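Working notes for the structure below.
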Amino acid sequence: MRISSFVTIHSLTFFLLISTAGFAQQSAFQWQPVAPGVWKAVVGSSDGITPLGVAEVKPRLDGLQKLGDRPFPAVLSESVHEKTDGKTYLRFPLQHDEQLFGLGLNFKSVQQRGSIKTLHVDHYNGKDNGRTHAPVPLYVSNLGYGVLVNSARYITVYAGSGVLAEGKNTPPEMNRNTQKNWNPQPYSDAVEMVIPAAGTEVYVFAGRNAMEVMQRYNLYCGGGTLPPKWGLGFTHRTPTLFTDEQILKEVADFETKGYPLSFVGLEPGWQSHSYPNSFVWDSTRFPNPARFLAQLAAKNIRSNLWINPYVSSHSPIFRDVLPYTGSHTVWVGRVPDFNTASARSLYKDLFSKQHLTIGVSGYKVDEVDGFDHWLWPDVAKFPSGIGAEQMRQIYGLQFQKMTDGWFRELNQRTYGLVRGSNAGSPAMPYVIYNDYYDHRDFITALCTSSFAGVLWTPEARKSQTGEEWLRRMQTVCFSPMAMLNAWFDGTKPWTFPEVAEEVKAVMLLRMQLLPYLYTTFAQYHWEGKPPIRAMNLVDGFSFDEKATAGQLNSSENPYAMAVKKDIKDQFMVGDYLLVAPLFTGEKSRKVVLPLGKWYDFYTGKPVGEGEVIEITPGLSKIPLFVKEGGIIPMIPPVLHTPTETDKLPLTVRFYGKTEASWMLYDDDGKTFDYERGKFTWAKLEVKKNKKGERVGSWIAPKDPGFHYTTVSWQFMTP
């Protein structure tokens, strides 16, 4: 169904004028449906370039239609906007017990109600104040709706913090001197925003719950990225000034010692000049880059090149690109304006010749985030006429879109790293990283990424002890990109001998789980489900007094207390796996289990049902739990990601005692042929026979491109 016909058939407009004495006139939004469960309003005049425009989003209408239509969220029917002092003000009502999530990639908290942020692309600096790598201006309510402001401005958000003097739910005045329940933060009944522009676009996404809202957002943006299979293996970033021979030796060491590796990352020294960059190979360290890349490919290893976009005078395109660069430099390099076709063309020609045509598989895009004193100032000017503020907000997003397009032309999937992103990025084949290195905050970011439509990796690099190294590696193995980053210190998986075998075991477990992980990313692409999910996106993550009756102490219910708190140290991978990492020095921890029965991944033993449990797992394994009916397909341990011709047996673990089914996805893992119908879904199913015994079955697709042969079932729960 075309969007235009959908709008014609299902036209819907809300309009209301509200006047408040002494204030500018406020107007209600005029919402128009643009897809099933998605509405759009244009406030004021167009602000030109927008994140969704840069991303060139193409909604997946098939996925949105499968979700079904939803009514416009009633709670937003009294939303208003006004134009004051050349700015646009937005106000969206809140219910009393409503929870809010989103507002970009955050590192300290998942729940955002009561926060104040100025959303600004920047390197994260220890505070959730809106300055972050992906300040996506989307907030999601647990009541089943989301609001996106499609603006490339520095947006200030008061997420339930301001109190309107004559609002409908104005809190009572209190006396601190006499009232013990005096509240230093009076109740606020609205989300309010300031956009420093004369207009903006606003989108609303409706759903039955927060998960469905995120599905609609991701699908509206084109569906989540589906990485090449090699992208879900392990990557090792080598020291900055390594030569081709040193990198090949590192690759050989991984093989000899039995540690998995799928692609290597080359840091700035691969270039003849860096910071700023020449973008061409250094002839002393890489005398024959095509031969070097072929040697890697022969070992089933791909390559990823570090870059930032800022061009050095030593680059062959320097003189030609000068007319299309900004007024200020970064690292004394000229800043290309990719809103100009000439700059895009010069970069494409150089990168294609130097990188893509000889076998480079992707990029690590650095320095497109901040800090302020490293990037261009807001007074900078660019040839396209786009302001420096807007350029800051879309620069990383624009580079992702441009490079993805280069690989698409070759029918070759890529999977890389980036430091800056924004709204519209779910379909981009990039994972966010940074130089901040706090393990706990890394886990929080994994959770919040699922409310921002971005991917994040808690990379592992220098550690002080073997315990810290193992704990970090355990986390890496359950993230969108499993990255070891040795660019500075040279740390290897086996650097700490006392935990080397445990590190190897969890790395191999990651490889065994590739069928499960790849299917989880297929769900991201086709259904919009985030691959890594905060607990607030999980079905059954709520307190139901009736459902837990008799299971918990009635006078003090720790589960009810837990689900109301900010759960930021555990997360889901896909439909079934709950990951509860431990941190250095911890011997035990509490885990909040959603409603339903849950089982230990390693033993299959029951661990709880809609409650808070305390575990003491030891050091060797990261705590993993599987929900009732969990189907986990696995392959044998492998050191390299399977190729498009490999055929492997499957072992399918089943947890619980109920009947269940799950669809296993597969394609060539390499090209975009899946967009042309070349993919398969195989149904894995467990049913009970007449004796009440669980029996597993599947029907292998006849497609010769299907990569799995036989299936053996392991019923983990007695």
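The values are calculated or read from the model by the stated rules, or taken from the named source; none is laboratory data. All figures in this text were calculated on a predicted structure; none of them were measured in a lab. When we count neighbours, we look across all protein chains shown, and the Cβ atoms used for this are built from the backbone with ideal geometry, even at glycine.
Data table
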| item | result |
| --- | --- |
| Qualifying residue in region 369-391 (condition: of a type in the set (A, V, I, L, M, F, W, C) and within 20 Å of Pro429 (Cα to Cα)) | no |
| Hey, Asn304 in the same structural domain as Trp374 (by TED's automatic domain parsing) and in a loop (DSSP other than H, G, I, E, B) or not | no |
| Residue within region 621-632 that is in a strand (DSSP E or B) and farther than 20 Å from Leu577 by Cα present | no |
| Residue check, Gln246 more than 32 Å from the chain's Cα centre (by Cα) and either assigned by TED's automatic domain parsing to the domain that holds Val330 or of a type in the set (A, V, I, L, M) (or both) | yes |
| Condition broken by Arg419, with the remaining ones in (1) under 20 Å from Pro531 (Cβ atoms); (2) crowded, with 23+ Cβ neighbours inside 10 Å satisfied | (1) |
| Matching residues in region 154-181 - criterion: being surrounded by 19 or more Cβ atoms within 10 Å (Cβ to Cβ) and of a type outside the set (Gly, Ala, Ser) | Tyr154, Ile155, Val157 |
| Selection count, region 641-673, where residues are surrounded by fewer than 20 Cβ atoms within 10 Å (Cβ to Cβ) and more than 30 Å from Lys597 (Cα to Cα) | 11 |
| Members of region 92-141 found to be of a type in the set (Gly, Ala, Ser), buried (at least 23 other Cβ atoms within 10 Å of the Cβ) and more than 30 Å from Thr170 (Cα to Cα), listed by number | Ala134 |
| Odd one out for Thr329 among (1) part of a strand (DSSP E or B); (2) touching a strand residue (DSSP E or B) at 6+ places or on another chain (Cβ under 6 Å) | (2) |
| Where Lys605 falls short, out of the listed (1) within 24 Å of Ala522 (Cβ to Cβ); (2) surrounded by fewer than 18 Cβ atoms within 10 Å (Cβ to Cβ) | (1) |
| Only listed residue being within 12 Å of Ile631 (Cα to Cα), of a type outside the set (Phe, Trp, Tyr), surrounded by fewer than 16 Cβ atoms within 10 Å (Cβ to Cβ) and out of contact with any helix residue (DSSP H, G or I) (no Cβ under 8 Å at 6 or more places or on another chain), chosen from Lys683, Lys690 | Lys683 |
| Failed item in (1) in contact with a Phe, Trp or Tyr (Cβ under 6 Å, 6 or more places away or on another chain); (2) over 27 Å from Ala486 (Cα atoms); (3) hydroxyl-bearing (Ser, Thr, Tyr), with Tyr310 passing the rest | (2) |
| Candidate set from region 357-379 (those that are over 17 Å from Asp435 (Cα atoms) and surrounded by fewer than 19 Cβ atoms within 10 Å (Cβ to Cβ)); member that is farthest from the chain's Cα centre (by Cα) | Val379 |
| Strands (runs of 3 or more DSSP E) contained in region 82-161 and holding at least 2 residues outside the structural domain of Ser542 (by TED's automatic domain parsing) and among the aromatic types (Phe, Trp, Tyr) | 87-93 |
| Test: residue in region 182-197 that is free of Cβ contacts under 8 Å to residues at least 12 places away in the same chain and exposed (fewer than 11 other Cβ atoms within 10 Å of the Cβ) | yes |
| Hey, Phe338 surrounded by 19 or more Cβ atoms within 10 Å (Cβ to Cβ), modelled with pLDDT of 95 or more, within 30 Å of Tyr259 (Cα to Cα) and not assigned by TED's automatic domain parsing to the domain that holds Pro642 or not | no |
| Some residue of region 225-242 being more than 28 Å from the chain's Cα centre (by Cα), assigned by TED's automatic domain parsing to the domain that holds Asn339 and either under 26 Å from Ser479 (Cα atoms) or without any contact (Cβ under 8 Å) to a residue 24 or more places away in the chain (or both) | no |
| Gly265 being in contact with a Pro (Cβ under 9 Å, 6 or more places away or on another chain) and crowded, with 17+ Cβ neighbours inside 10 Å | no |
| When residues of region 422-470 are limited to those that are aromatic (Phe, Trp, Tyr), more than 19 Å from Val136 (Cα to Cα) and in contact with a Phe, Trp or Tyr (Cβ under 8 Å, 6 or more places away or on another chain), the one surrounded by the fewest Cβ atoms within 10 Å (Cβ to Cβ) | Tyr436 |
| Every residue from region 661-717 that is hydroxyl-bearing (Ser, Thr, Tyr) and in contact (Cβ under 8 Å) with a residue 24 or more places away in the chain | Ser661, Tyr665, Thr671, Tyr674, Thr680, Tyr708, Thr709, Thr710, Ser712, Thr717 |
| Complete set of residues in region 663-718 that are over 27 Å from the mean Cα position of the chain (by Cα), among the hydroxyl-bearing types (Ser, Thr, Tyr) and in a strand (DSSP E or B) | Ser697, Tyr708, Thr709, Thr710, Ser712 |
| Number of the condition not met by Glu611 [criteria: (1) at pLDDT below 95; (2) of a type in the set (Asp, Glu); (3) within 25 Å of Leu514 (Cα to Cα)] | (3) |
